[in-house]
Amino acid sequence: MPSNSAARSSSSSPRCSTPTDPQVAVAIAPPPGGFVGPVKRSVTIAGHQSSISLEPLFWSALEAAAARRGLPLSALVAEIDALRIREGDPPNLASAVRTWLLHEVEQPGEADA
């Protein structure tokens, strides 16, 4: 009869590994500048200072989205925040910003609706 540990190990999920063979192509690459942790910035929403931690890539995308709309960054964040708090169980602001930005990239123009 097989031991419980053998049964557990065979049913565990496969581990992700990095290829060691230099001839094996990697399907993905890191973003330009590498992987960088969140950067905290302050924005004013409805007259109150609020801190948001986002990765630099998200800050750049948010700045570009604000520029396309002719809005200050804080005004766009305030609009996202207003949409966020209408939710039944609103996520934190940073999560709402990331989600909105991803939707903006995937469905250009629909995020304005």
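FYI, it's all coordinate maths here, none of it is from the lab. Quick caveat, the model's predicted, so the values are computed rather than measured. Counting neighbours? That spans all protein chains shown, and the Cβs are built from the backbone with ideal geometry, glycine included.
Observations on the structure shown:
- Report note on the peptides 25-35, 85-95: ranked by the mean count of other C-beta atoms within 10 Å, highest first, their order is 85-95, 25-35.
- Potential extension, residue 89-residue 57 segment - 0.36 nm per residue separation minus Cα distance: 8.9 nm
- Rg/Rh ratio calculated on Cα atoms of segment 36-112 (Kirkwood radius): 0.93
- If the segment from residue 46 to residue 103 were pulled out straight at 0.36 nm per residue, it would be longer than the present Cα-Cα gap by 18.1 nm.
- Calculated FRET efficiency, residue 75 to residue 27, Cβ-Cβ distance, R0 = 41 Å: about 0.60 to the nearest 0.05.
- Modelled FRET efficiency - R0 25 Å, residue 67 with residue 35, Cβ distances, 0.05 increments: 0.50
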